[in-house]
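To start, the structure itself, in structure tokens.
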Amino acid sequence: MVELTSAAPAIVRDCKTSFNDPSSEAGKEVSLMSAVGSSPEMPPRAVMSASDIARAITRMAHEIDERTHGADDVILLGIPTRGVDLALRLGERLAEIQGRAIPVGSLDITMYRDDLRRRPARALLPTEIPAGGVDDALVVLVDDVLFSGRTIRAALDALNDVGRPRAVALAILVDRGHRELPIRADYVGKNIPTSQLETVRVQLLEHDGVDAVVVSGSPQSDEAS
Amino acid sequence: MRGHLLSAADLTLDDALLVLDTAQELAQIADRPIKKLPTLRGRTVVNLFFEDSTRTRISFEAAAKRLSADVINFSAKGSSVSKGESLKDTALTLEAMGADAVVIRHPASGAPHRLANSGWIQGSVVNAGDGTHEHPTQALLDAFTMREHLAGGRGDLAGLRVTIVGDVLHSRVARSNVRLLSTLGAEVTLVAPPTLLPVGVETWPCSVSYDLDAPLPTSDAVMMLRVQAERMHSAFFPSAREYSRRYGLDDRRVHTLPDHAIVMHPGPMNRGMEIGSDVADSERSVIVEQVANGVSVRMAVLYLLLGGAPLTGEGE
């Protein structure tokens, strides 16, 4: 693309295929994708179906059981809104596997966001910590999409004020990349490489009447992060 | 919500429900080991109190501190106000110090409105009681308390029957409550001697009665108002004893209430005057709960006014 030469002129002049050059790779990717994103015809594409989501959740439940060695102090905390639905489903699967009830709750992160002052004050979402609290438990945070990592940073701060878990893990249905903080997921439903300009939307029966993950190219729709 | 909270009449149904729902989430904080949120870090809230107050000032201070705001307490006593400084000069001083919100209580009705619309300060203004005009956060905490007890803690207060008794003439609590409760769909009845009802009360969205015994059997909540002796410069009733007998909530009257009804009082109480001491301490009384709810509601108001992006453009 034309922009590339201006972005990294010296290197591009030397080697025509800038693919070997990591420093210009990100720039190239964005300019390429912006061309795609700005074209209004780009239709939304479904990347996970209802059965894909169900299988991913079942596998994640098995992974949690395996990697925690069947620990009996696992608590699932979903981040509203869709993270809570996923946590409930994950809790159901895990309960089937382990043959006991799994405490599932929700953790609102609104008051801990780092972008509060960029938008008008938002309504708070429910926080419900299971009876018994999170002290010395193994807390698995559950959210729909992992993007910048800022939501999870806020969730860790929020959790810190609620109690002191023995350990915290992160389960995510879709990891779309583009992290802005040193945060990673322990349990991932599906890795979906995306451009910054794309929108990943997780749709769940509870809120959207359908189970699906859809990627669309519209740059200005609201991003689940 | 808009940039200021000056009157309960400014709140639409959606605004009021947003405050109540937010307060409900924030009420959980009180049960946590760490009763603090980082939301208003670096913001300054000034409590500007030109009139005595225990509950409201402490409540606003606790609310701001739980949201991690810096709090500056200012009371007229011991300040330059006693040397004759005007509201304007005080406001300009606060503005120079960078106050993001000013919580004001003032003996003059309309002082918060003046402060908000004069251009003296940029921050949000919260009315914490002005003269005999309004006290919107008290109305919000009263509505919150009623919703918890009588409406399952959610939605509006449609169909709820609330009786407000006593010195309506001098009561900013009554004014704010009538406005907010009617917004929320409750039916309000004011009960007072004719001398303690303001001119124009017939235009308020409520009904009026001179007889306390009539509305009690159908009331879901009874709110007793303090007889504000400090604002009474003439005789409004023959004697305290006569007032108490006709308009005080005593044991006998409480027994005519439905079983689920609650007794409220904005405080401070004149025990034995408008409310019997045993009634104030009874199981129906939610007076202490009102104080606790006050912190949650004020946290919600401060969060909604200060938590998001600063509003640009018009003041109110």
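None of B:S75, B:S68, B:S79 is of a type in the set (S, T, N, Q) and either in the same structural domain as B:E230 (by TED's automatic domain parsing) or closer than 30 Å to A:Y112 by Cα (or both) except B:S68. The set of residues in region B:3-57 being of a type in the set (D, E, K, R), more than 11 Å from every other protein chain (Cβ to nearest Cβ) and either more than 29 Å from B:A76 (Cα to Cα) or part of a loop (DSSP other than H, G, I, E, B) (or both) consists of B:D15, B:E51, B:D52.
When residues of region A:96-139 are filtered for being part of a helix (DSSP H, G or I) and within 9 Å of chain B (Cβ to nearest Cβ), how many remain? Write out each step before concluding.
Let us first name the residues in region A:96-139 that are part of a helix (DSSP H, G or I), namely A:96-98, A:110-112, A:116-118.
Still in the list and also within 9 Å of chain B (Cβ to nearest Cβ): A:110-112, A:116-118.
Residues meeting the conditions: 6.
Scanning region B:214-246 for residues that are surrounded by 19 or more Cβ atoms within 10 Å (Cβ to Cβ), aliphatic (A, V, I, L, M) and modelled with pLDDT under 95 yields a count of 1.
Does A:L173 satisfy the condition of being surrounded by fewer than 18 Cβ atoms within 10 Å (Cβ to Cβ), more than 14 Å from chain B (Cβ to nearest Cβ) and either under 16 Å from A:L88 (Cα atoms) or acidic (D, E) (or both)?
Working: surrounded by fewer than 18 Cβ atoms within 10 Å (Cβ to Cβ): no; more than 14 Å from chain B (Cβ to nearest Cβ): yes; either under 16 Å from A:L88 (Cα atoms) or acidic (D, E) (or both): yes.
So A:L173 fails the test.
Go through region B:254-310 and report how many residues are surrounded by fewer than 16 Cβ atoms within 10 Å (Cβ to Cβ) and either under 25 Å from A:R119 (Cα atoms) or free of Cβ contacts under 8 Å to residues at least 40 places away in the same chain (or both). The qualifying residues number 12. Taking the listed residues A:S18, A:S31, A:S23, the one that is at pLDDT below 95, surrounded by 20 or more Cβ atoms within 10 Å (Cβ to Cβ) and more than 23 Å from A:V213 (Cα to Cα) is A:S18, with no other qualifying.
Return yes when B:T145 is buried (at least 24 other Cβ atoms within 10 Å of the Cβ) and within 30 Å of B:R245 (Cβ to Cβ) and no when it is not.
Numbers: buried (at least 24 other Cβ atoms within 10 Å of the Cβ): no; within 30 Å of B:R245 (Cβ to Cβ): yes.
So B:T145 does not fit the description; no.
Filtering B:R105, B:R57 for residues that are touching a Phe, Trp or Tyr at 6+ places or on another chain (Cβ under 8 Å), surrounded by fewer than 23 Cβ atoms within 10 Å (Cβ to Cβ) and at pLDDT 90 or above leaves a single hit, B:R57. The single condition among (1) more than 14 Å from chain A (Cβ to nearest Cβ); (2) more than 21 Å from B:A292 (Cα to Cα) that B:N73 does not satisfy is (2). Taking region A:47-72 as the range and being surrounded by fewer than 16 Cβ atoms within 10 Å (Cβ to Cβ) and in contact with a Leu (Cβ under 9 Å, 6 or more places away or on another chain) as the test, the residues that pass are A:A50, A:H62, A:A71.
Does at least one position in region B:267-274 carry a residue that is of a type in the set (S, T, N, Q) and over 23 Å from B:T54 (Cβ atoms)?
No; the residues of region B:267-274 include none that is of a type in the set (S, T, N, Q) and over 23 Å from B:T54 (Cβ atoms).
If you take just the strands (runs of 3 or more DSSP E) that sit entirely in region A:161-221, which of them hold at least 3 residues that are β-branched (V, I, T)?
It comes to A:167-175, A:199-203, A:212-216.
The values are calculated or read from the model by the stated rules, or taken from the named source; none is laboratory data. The model shown is predicted, which means the values in this text are computed figures rather than measured ones. For neighbour counting, all protein chains shown are included, and Cβ atoms are generated from backbone atoms with ideal geometry for every residue, glycine included.
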